[in-house]
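The values are calculated or read from the model by the stated rules, or taken from the named source; none is laboratory data. Model, not experiment: these values are computed from the prediction. Every residue, glycine among them, receives a Cβ derived from its backbone with ideal geometry; neighbour counts consider all protein chains shown. Heavy atoms of the whole protein, side chains included, go into the accessibility calculation; ligands, DNA and RNA do not. Shrake-Rupley method; radii C 1.70, N 1.55, O 1.52, S 1.80 Å.
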Amino acid sequence: MDYSNFIIMNHELSLVVVLVALLLADLFGKNKRIFQFFAMGLFLVHTVLGFTHWNIGEASAFSGMYVTSEIHVLVKNILNIGTLIVFIFAFYWNENKNKNQVGEFYFLTLSTLLGMYFMVSAEHFLLFYIGLETASIPMATLVAFNKNKKESAEAAAKYILTAAFSSAVMLFGISLMYGACGSLYYGDILIKFQSTPLHIMALIFMFAGIGFKISLVPFHLWTADTYEGAPTSVTAYLSVISKGAAAFALLCIMIKAFANYPGTWQTFLWWIIVITITIGNLFALRQKNMKRFLAFSSISQAGYIMLGVIAGTPQGMAAMVYYVFIYLFTNLAAFGVISAIENKSDKLTMDDYNGLYSTNPKLSFVMMLAMFSLGGIPPFAGFFSKFFIFAAAAEQGQYLLVFIALLNTIISLCYYLWVVKAMFINKSENPIPTFNSDNMTKIGLIICTVAMIILGFISPIYDKIIAISFGM
Amino acid sequence: MNILSLFVIIPLIMMAIIFCIDGEKKSMIRMVMSIGGFALLATSAYLTVEYLAAREAGDMAEFLFTDSILWYETFNIHYAVGVDGVSVAMLLLSSIVVITGVFVSYSIEEQTKEYFLWFLLLSIGVYGFFISLDLFTMFLFYEVALIPMYLLIGLWGSGKKEYSAMKLTLMLMGGSAFLMVGIFGIYYLSVPKGGSLTFNIQEIAANVTTLTEQGADNSWQYIFFPLTFVGFGVLGAMFPFHTWSPDGHASAPTAVSMLHAGVLMKLGGYGCFRVAMYLMPDAANDLAWIFIVLTGISVVYGAYSACVQTDLKYINAYSSVSHCGLVLFALLMMNKTAMTGAILQMVSHGLMTALFFALIGMIYGRTHTRDIREMGGLMKVMPVLCVCYVIAGLASLGLPGLSGFVAEMTIFVGAFEHEDMFHRVFVILGCTSIVITAVYILRVVGKILFGPIQDEHHAALTDAIWYEKIAIFTLIFAIAAIGMAPLWLSNMIAGGIENIVKLF
């Protein structure tokens, strides 16, 4: 057997090393605080090392089941950065409310990350499926981490049942695909795929499986409950990292396996985008719990991310990766503020945020930036990512879709402004008392804030991404 | 460095300074604002002089003081700036309104620091919009100008401020949704064979001309011209998208109303002119009639609505709908005289309405009511404010010697050059608004300034104090200056208009 294949799997190997080291440290280490610093330090090293893997270029392993290229390395690095920020925000929660399962938290989170790496790099449906499952099953455990809360268990049950169901649907799709095309390599399917009912059914079943993962409407029903019940750090991880990885994997599948028949999948993707954005937005309008609110907001954001998929061009891929990159900082900033407030005061509804500016001006400021950036208000980074992803779709002549999406941004702006209004304009009898966040949360929020303000102005990032993107 | 970038950099520096000042040191913040405001005014005055000198010296380039820095290479986005006569006039107007707005805002005591930070962000958006020559940068500044309005109205406003703030923000953002699609359409479809995609307005205009010469299909213009025009028209308070304007103006704090009606609504007119009509002349020619009807309704409907209002701010807000409608109306006449009049009207209305809102704010600050039924005989109590109010009113109804007359005269003379029935009917309809304007202005003046004092508490009120006087006298000076010596301004504007009129 040729072991040189393993060498190109830099990211995966280094993450496995981190995982093993954490497992051992958890066995023998007693001090949880030192363990946390060790885990984060190790993951930081892994993240930094990730940036040295550019030079691999395009390569494949295991007879083409696993591929890597610069854009894959970049996506994995983005996932790393996001995970690191999630860890930073989870520090305080781990130390105070999750004392007994700190080791498990890090181990399980990183296991799902490993699964996502494989999903992103897969060039064969079996590897893709293994990656998806590796990413899903530990996730259900993470969702159930609040052992004392009924909601957490409910959320986990919902998650695992839908995940199992969607996996089954997807496996069915994959087996139909194998029956119809005789191979599961993306490259072979590209050649053999035809516009017959059997092929299309296979495609739709497979798409449904991934749709659950990205929580596209109508496969979104688990999202709100799971987001609400899960610990806030896990919710943040679910809403950004897990979603970003699945979206990129979907784009790769569509480009690599179904590029010859774009008409078949673009038609239903068009409708899915429209209802995802619209329903996500309309339901978000009615939410009072901040985590549920962000759940629906993230559903509609997933719809915007799909605009990059429907474009299918290098421009679309670059815009999508860039969108996920910006969305990561923005959404994590919002979750960072929510978890900081939840940790200190256990308050989670929008009414609790009334008058927050008078007691905690800095937190309100960060939250406001996050809301503006999510709503696509310049000069914050979210504006640029939205503009580019709309431009990518418009380039393909999808003007009507872009217009519908833009009208939806007005609805979304309405509820994002409600949060701003609660914090800045509304008065409250008993606002959340003034408190000092712990240092880790502060570091995380500062990173996100700086990113939201300056990233849009640093144009080389986007120019670099487009240089390494590929498309139909 | 390019002198135009100063208009963005000076407010940025002011924001940085104010951000570092302790919120309790209000007088220091106000001082920084005043110095910065004067710096902006001086910059725009200097720019005007330089611009006129350059034209005098025979520099016939379409835009002067141009500069272009590559930003996003992929999309060919530049930070491109440059001005013609129209933008110079707009910059001058903005600077006057900003500095007077600062003085009027001296009375803000609550959260002074935050107020001025948002105020500055708003002015960055406004200035940036007028100097931009790149569609992306322009759109970016446009949206930067919109969002501070939400917090400025929601936090420092009065009345049903939260409702108005939300309505205003969402409607204007709705406009920008139309606009964004329009921009994508222009960007992707204006490229002739072998050309490259560009956001630069000048290059797009050249591309569109090439396309026409090649005889290429121009049907895209007929889809994206209405989108773009409506997008900007929302901000220009075009019927039926004007409903945000009365509520928004009435709830906003004084200086924000001034800036909003005085400058921000001009973004709409300027955008229609610079983007919609300049870049899609074929569609502008053919579809103008639709918008002439809509803006014609704005003009008359706004004026009639103003007649029945009892709240001073609502009266002025509807009057703004009418006057801003006249701006778009005149632009759509598409000849040099009328379009010059449109820009003159933008300047004139900006100054006039800023003066109105400033005075209304000052009167409201004293009487604590804006209802004209509860006021009367104020002339005896505060003569300076009231005389200024009369002057503003006279300018608004077009008294010769003040700026309003110059603008409206030019517009209607230009509009009457069209000889067909359709244009004639609408021009005559538009003219009637002058009469209606006189009705509502004189009604207010007669009701609140003369007659017996309605409320005995009003007898003890004081007249304008120093910073208020600076603000209103500056505005009156500008109004009178344009009224007395309009020629330099209208010549400067006409220079910019010529480039676009030749396209039709």
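List of remarks:
- Total residues in segment A:73-118, condition of a type in the set (Val, Ile, Thr) and farther than 15 Å from residue A:47 by Cα: 2
- Any hit, segment B:376-385, residues being open to solvent by less than 10 Å² (accessible area, probe 1.4 Å), touching a Leu at 6+ places or on another chain (Cβ under 8 Å), in a helix (DSSP H, G or I) and under 17 Å from residue B:449 (Cα atoms): yes
- Check on residue B:184, within 10 Å of chain A (Cβ to nearest Cβ), part of a helix (DSSP H, G or I) and under 24 Å from residue B:39 (Cβ atoms): no
- Condition met for residue B:221 (touching a residue at least 12 places away in the same chain (Cβ under 8 Å), part of a helix (DSSP H, G or I) and surrounded by fewer than 24 Cβ atoms within 10 Å (Cβ to Cβ)): no
- Segment A:392-409 - residue that is in a helix (DSSP H, G or I) and open to solvent by 50 Å² or more (accessible area, probe 1.4 Å) and, of those, nearest to residue A:278 (Cα to Cα): A:407
- The residues listed here are A:113, A:84; of these, the one that is open to solvent by less than 40 Å² (accessible area, probe 1.4 Å), farther than 29 Å from residue A:186 by Cα and in contact (Cβ under 8 Å) with a residue 40 or more places away in the chain is A:84.
- Residues satisfying the stated conditions in segment A:421-441, i.e. surrounded by 16 or more Cβ atoms within 10 Å (Cβ to Cβ) and either assigned to a helix (DSSP H, G or I) or of a type in the set (Lys, Arg) (or both): A:421, A:422, A:423, A:424, A:440, A:441
- Segment B:7-24: number of residues that are open to solvent by 20 Å² or more (accessible area, probe 1.4 Å) and closer than 22 Å to residue A:361 by Cα: 9
- Residues in segment B:197-216 that are open to solvent by 50 Å² or more (accessible area, probe 1.4 Å) and within 14 Å of chain A (Cβ to nearest Cβ): B:197 only.
- Out of B:50, B:62, one residue alone is in a helix (DSSP H, G or I) and within 28 Å of residue B:201 (Cα to Cα). It is B:50.
- Options B:320, B:257: the member that is of a type in the set (S, T, N, Q) and out of contact with any Phe, Trp or Tyr (no Cβ under 7 Å at 6 or more places or on another chain): B:320
- Residues of segment B:65-97 satisfying the condition of being assigned to a helix (DSSP H, G or I) and either within 14 Å of chain A (Cβ to nearest Cβ) or open to solvent by 10 Å² or more (accessible area, probe 1.4 Å) (or both): B:92, B:96
- Residue A:103 being free of Cβ contacts under 8 Å to residues at least 24 places away in the same chain and part of a helix (DSSP H, G or I): no
- Restricting attention to segment A:422-472, the residues that are within 14 Å of chain B (Cβ to nearest Cβ), more than 20 Å from residue A:57 (Cα to Cα) and touching a Ser or Thr at 6+ places or on another chain (Cβ under 6 Å) total 1.
- Annotation for segment B:229-239: at least one member residue is away from chain A (no Cβ under 14 Å), buried (at least 16 other Cβ atoms within 10 Å of the Cβ) and at positive phi.
- Scope segment A:61-79; condition open to solvent by 10 Å² or more (accessible area, probe 1.4 Å) and assigned to a strand (DSSP E or B); matching residues: A:67
- The residues listed here are A:162, A:134; of these, the one that is assigned to a helix (DSSP H, G or I), farther than 21 Å from residue A:224 by Cβ, polar (S, T, N, Q) and out of contact with any Asp or Glu (no Cβ under 8 Å at 6 or more places or on another chain) is A:134.
- Residue match in segment A:279-295 (condition: farther than 17 Å from residue A:374 by Cβ and in a helix (DSSP H, G or I)): yes
- Residue in segment A:410-418 that is of a type in the set (A, V, I, L, M), surrounded by 19 or more Cβ atoms within 10 Å (Cβ to Cβ) and over 24 Å from residue A:296 (Cα atoms) present: no
- Scanning segment A:361-374 for residues that are open to solvent by 10 Å² or more (accessible area, probe 1.4 Å) and not aromatic (Phe, Trp, Tyr) yields A:361, A:362, A:363, A:366.
- Top-ranked residue in segment A:372-391 [being within 8 Å of chain B (Cβ to nearest Cβ) and part of a helix (DSSP H, G or I); ranked as nearest to residue A:461 (Cα to Cα)]: A:388
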